[in-house]
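What follows is a set of notes on a single structure, which appears directly below.
Each value in this text was obtained by applying a stated rule to the coordinates, not by laboratory testing. The model shown is predicted, which means the values in this text are computed figures rather than measured ones. Cβ sites come from the backbone with ideal geometry, for glycine too, and all protein chains shown count toward neighbours.
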Amino acid sequence: MNQEPAARQPLEPAVADAIRAYAARTRADADRLAGALEDIAANGLPAVEDCTPWEELREAHLARLTAQRPAVA
């Protein structure tokens, strides 16, 4: 039984560009995370006084998401 791969359907140029942009953002995020982890491995954890509590980070992120959301009429 011969199973040939299914033919791929080409994407619209704008869709392909959006996917590439998403990939670039994801790659940049992964690079930042890797850098932070490498810094921790090399230098240890930062002092608690130098850190932002996760609750503040959560609230700031929720505020950003709310600001991006379109108004509902």
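Restricting the range 63-73 to residues that are among the aliphatic types (A, V, I, L, M) and assigned to a loop (DSSP other than H, G, I, E, B) leaves a set whose member that is nearest to the chain's Cα centre (by Cα) is ALA71. Of all the residues in the range 37-62, those that are in a helix (DSSP H, G or I), surrounded by 10 or more Cβ atoms within 10 Å (Cβ to Cβ) and either of a type in the set (A, V, I, L, M, F, W, C) or touching a residue at least 24 places away in the same chain (Cβ under 8 Å) (or both) number 5.
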